[in-house]
Amino acid sequence: MVACIEGPGGAGEQGVAPRGGMSRRDWLQGMLGLGALGLLGWPERPAWAAHALSWGGEPRYSESFPHFDYVRPDAPRGGMVRLAGFGTFDSLNPFALRGMPAAGLGTLMFESLGVASWDEPFSIYGLLAEDMILADNRLSVMFKLRVEARFNDGSPVLAEDVRHSFESVTGPKGFPMLRQYFGDVARVEVMDDRLVRFFFKRPNPELHLILAKDLPIFSRSWGNGKTLDAIAHEYPVTSGPYVIDDLDLGKRIGFRRVENYWADGLAVRRGMFNFGRVVFKYFRDETARLEGFKAGEFDWLFENSARNWARGHVGSRYLSGEIIKRSFPQSNVSGMQGYALNTRRQLFRDVRVREALALAFDFDWLNRQVFYGQYTRTRSYFANSPMAATGAPDADETRFLQSLKTPLDPSLFEAVPEVPDTPDAQALRSNLRRAQHLLAEAGWKVGDDGRLRNAERQPFQFEVLNFSPTFERVATPWVHNLARLGIRVRLRTVDPALYQKRMDAFDFDVTTAIYPMSATPGNELWQMVGSAGASEEGSSNYAGIADPVVDEIIGRILAVKSREELEVAARVLDRVLRHGWYMVPQFHSSSYRVAFDWRLRHPGVLPLFYDPQSWLLETWWRDDEARPVPVAEQADATDETLMHLPDLAMERPSQPAGVSAIGHRAGRFLTC
């Protein structure tokens with residue numbers, strides 16, 4: 001169960017007094033004041049405690065909820081699902097900068113104190129933690145661990161393991177992204193075997209939530225005393241539903257479901273993780289992966305290529321129904337995918353240069369000629385949400401801008417910059433003339449040789465780094481348009497391991513990148529667009545954004561008290577980032593393209609916020625008694641049992657979760 005103290009007037013003020021007229025607030029404040037001594041009288045399951053933590057509203061699920069709506073609670077267990085890995089791997093540690101970790105480790109093996117539901121913007125339900133208690137002043141949170149929680153070696157999950165996990169991933173040998181993410185944690189104290197308390201440097205409206213949801217918990221015994229960065233091939237000692245049972249380093253990894261998994265009886269795990277075995281086989285390139293799938297070497301494929309979807313996923317096995325091809329709608333904030341211009345390079349320091357490069361990108365032609373009309377142009381860092389800025393600032397955004405202490409560019413009070421459309425060749429020529437004018441203003445002129453050069457006669461040239469030849473097809477028209485401006489671009493494709501190493505070290509000029517945004521943006525913004533992330537190796541601040549205005553806005557986002565305030569602050573952040581032209585915006589899709597073996601089944605209710613592979617691993621199952629349904633017989637039955645959860649609604653769907661035999665959360669996946 002989860003206990004929560006809200007601010008004045010919040011949900012924590014309500015409810016039954018636990019003892020002798022004492023309010024929940026008073027009792028919990030006493031607990032926090034007494035520390036571990038106060039726990040001597042803590043009942044095993046306080047009947048009055050709130051059962052979940054939620055940001056900006058009430059949790060969707062009641063205290064006695066039996067399971068999440070988007071699972072089938074009685075889904076059969078067993079069978080195997082075979083998936084594709086891309087490139088290679090050389091590590092079993094997802095939290096070290098060195099090496100490439102194997103696929104599946106995070107979802108299948110590592111657990112957290114709580115889990116988020118996929119049909120709410122931000123609500124957390126207890127997993128390893130039985131109770132979560134947030135101090136009234138919001139400067140600390142306590143987690144009480146479940147007695148039944150066990151690691152895969154049979155040892156109990158204890159508070160010392162939680163402290164060890166936190167200090168490992170945020171320490172000097174840990175993971176830079178998590179060090180920034182949890183940067184407002186001042187210290188951790190173990191109060192008894194199953195009670196741990198985190199103290200905060202300052203009030204932070206989501207820190208207790210992300211600690212519960214995103215802190216990976218692992219045993220102190222993992223690595224036998226090695227620092228986290230030195231752990232590479234030791235099997236993780238974790239509490240998740242799977243263990244590694246097959247390993248061919250770099251080529252294949254297999255996971256087996258734990259017999260009598262400790263959390264099977266919990267509502268947050270009912271009907272989930274149903275496959276008896278999960279195997280990832282690695283393919284070196286996209287063509288081999290697609291052909292391997294069509295030949296039956298694995299069972300499920302999330303397709304990020306529009307061309308492959310339209311032209312590659314065809315053949316007799318599709319017509320016979322042995323392979324099912326479906327698009328699944330999703331409601332994630334789309335985030336920003338585009339060409340990240342590395343402003344650590346002198347070449348991209350001038351905002352006029354960056355805008356000029358964006359003007360040369362012809363999305364409309366690409367969507368017609370290459371993408372088969374499958375994509376929508378991305379115009380905002382918060383596309384597909386109320387946090388996307390439009391037009392001139394409204395009254396609330398204007399007040400927010402005027403309240404900032406950092407000096408502002410006056411243009412921020414004007415209409416937000418929009419990437420121009422290119423419905424025809426004339427529109428593109430107009431965009432290129434505007435780009436040429438901006439480049440000239442920045443000191444770049446075309447010489448007698450047709451090359452764009454600065455006053456020192458240095459040519460304007462750069463490299464676009466990618467890990468798959470598929471991205472070259474997308475970049476080629478842009479490169480052609482840039483050549484018309486006198487800019488020379490080299491396309492370079494490297495293997496995924498080298499690509500990741502260069503990305504971690506920011507060793508690139510331009511690359512295709514994505515800034516994934518959540519429905520409730522917060523601490524992750526520091527390492528994505530904050531100044532600290534610009535110099536932190538391994539961060540996701542690919543463009544090297546280092547703007548004090550952005551930093552101040554992030555700080556304000558972390559202090560908002562309502563979703564309305566959050567949306568205003570996010571729209572202002574969107575304006576500032578778009579005025580900076582750090583990215584050449586590309587495109588996004590409102591659905592996931594998935595092809596899969598006919599024996600795989602999924603619940604008939606779709607979640608709102610999900611990623612496709614986690615959805616598969618956590619909620620699908622296998623039915624080996626099934627028979628393929630030929631495409632000709634699937635007419636009018638495709639969507640019959642598939643339904644979507646009501647958009648952020650609190651009521652339950654009238655139809656229970658069914659089974660979709662042929663049925664069809666910003667994603668984190670590059671599309672092309």
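The values are calculated or read from the model by the stated rules, or taken from the named source; none is laboratory data. These figures come from a predicted structure and were not determined experimentally. All Cβ positions, glycine included, derive from the backbone under ideal geometry; neighbour counts span all protein chains shown. For the accessible areas, the whole protein counts, side chains as well, though only heavy atoms, and no ligand, DNA or RNA atoms are used. Shrake-Rupley method; radii C 1.70, N 1.55, O 1.52, S 1.80 Å.
A few points about this structure:
- The residue list M142, M132 contains one member that is open to solvent by less than 20 Å² (accessible area, probe 1.4 Å), modelled with pLDDT under 90 and in a strand (DSSP E or B), which is M132.
- Evaluation of R492 against the conditions (1) within 30 Å of V550 (Cβ to Cβ); (2) modelled with pLDDT of 95 or more; (3) assigned to a helix (DSSP H, G or I); (4) open to solvent by 60 Å² or more (accessible area, probe 1.4 Å) shows that the sole unmet condition is (3).
- Conditions (1) within 19 Å of the chain's Cα centre (by Cα); (2) over 27 Å from T470 (Cα atoms); (3) part of a loop (DSSP other than H, G, I, E, B); number of the one not met by V560: (1)
- Unmet requirement for S385, which otherwise passes all of (1) of a type in the set (G, A, S); (2) at pLDDT 95 or above; (3) under 28 Å from S518 (Cα atoms); (4) surrounded by 21 or more Cβ atoms within 10 Å (Cβ to Cβ): (2)
- Filter result (open to solvent by less than 90 Å² (accessible area, probe 1.4 Å) and touching a Lys or Arg at 6+ places or on another chain (Cβ under 6 Å)) within the stretch 447-462: G447, P459
- Screening I124 against (1) assigned to a loop (DSSP other than H, G, I, E, B); (2) within 21 Å of the chain's Cα centre (by Cα) leaves a single unmet condition, (1).
- Among residues of the stretch 65-92, those that are closer than 18 Å to D246 by Cβ and in a loop (DSSP other than H, G, I, E, B), counted: 6
- Some residue of the stretch 590-611 being surrounded by fewer than 15 Cβ atoms within 10 Å (Cβ to Cβ), of a type outside the set (D, E, K, R), modelled with pLDDT of 55 or more and out of contact with any Pro (no Cβ under 7 Å at 6 or more places or on another chain): no
- Residue within the stretch 427-446 that is in a loop (DSSP other than H, G, I, E, B) and either open to solvent by 50 Å² or more (accessible area, probe 1.4 Å) or within 17 Å of Y339 (Cα to Cα) (or both) present: no
For (1) in contact with a Cys (Cβ under 9 Å, 6 or more places away or on another chain); (2) assigned to a loop (DSSP other than H, G, I, E, B); (3) crowded, with 21+ Cβ neighbours inside 10 Å; (4) at positive phi, each residue gets a yes or a no:
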residue	(1), (2), (3), (4)
R163	no, no, no, no
F166	no, no, yes, no
G183	no, yes, no, no
V190	no, no, no, no
F199	no, no, no, no
P203	no, yes, no, no
W222	no, yes, yes, no
K226	no, yes, no, no
D229	no, no, no, no
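- Among the residues making up the stretch 519-537, those that are surrounded by fewer than 20 Cβ atoms within 10 Å (Cβ to Cβ) and part of a loop (DSSP other than H, G, I, E, B) are E536, E537.
- Contact map, the stretch 453-482: first residue among the β-branched types (V, I, T), second residue open to solvent by less than 60 Å² (accessible area, probe 1.4 Å) and part of a helix (DSSP H, G or I), Cβ cut-off under 7 Å, separation 6 or more or different chains; pairs are V464/A475; T470/E286; V474/L366.
- Residue within the stretch 50-62 that is open to solvent by less than 20 Å² (accessible area, probe 1.4 Å), in contact with a helix residue (DSSP H, G or I) (Cβ under 6 Å, 6 or more places away or on another chain) and part of a loop (DSSP other than H, G, I, E, B) present: no
- Qualifying residue in the stretch 557-567 (condition: open to solvent by less than 10 Å² (accessible area, probe 1.4 Å) and of a type in the set (S, T, N, Q)): no
- Among (1) within 26 Å of W620 (Cβ to Cβ); (2) open to solvent by less than 40 Å² (accessible area, probe 1.4 Å); (3) not acidic (D, E), the one test that P73 misses: (2)
- Flag for E234 being closer than 30 Å to T170 by Cα and of a type in the set (D, E): yes
- Qualifying residue in the stretch 361-374 (condition: farther than 23 Å from G533 by Cα, in contact with a His (Cβ under 8 Å, 6 or more places away or on another chain) and at pLDDT below 95): no
- Some residue of the stretch 540-550 being at pLDDT 90 or above, among the hydrophobic types (A, V, I, L, M, F, W, C) and under 30 Å from R429 (Cβ atoms): yes
- Unique residue being over 28 Å from the mean Cα position of the chain (by Cα) and either of a type in the set (D, E, K, R) or farther than 10 Å from R575 by Cα (or both) when the list is A415, A395: A395
- When the residues of the stretch 615-649 are filtered to those that are under 27 Å from the mean Cα position of the chain (by Cα), of a type outside the set (A, V, I, L, M, F, W, C) and at pLDDT 50 or above, the one that is least open to solvent (accessible area, probe 1.4 Å) is T619.
- In the stretch 264-346, counting only strands (runs of 3 or more DSSP E) that sit wholly within it, the ones holding 3 or more residues that are open to solvent by less than 30 Å² (accessible area, probe 1.4 Å) span 277-283, 323-329, 336-341.
- Subset of the stretch 472-489 that is out of contact with any Gly (no Cβ under 7 Å at 6 or more places or on another chain) and in a loop (DSSP other than H, G, I, E, B) - its residue that is farthest from A543 (Cα to Cα): L485
- Among (1) modelled with pLDDT under 60; (2) within 26 Å of Y318 (Cβ to Cβ); (3) hydroxyl-bearing (S, T, Y), the one test that S654 misses: (2)
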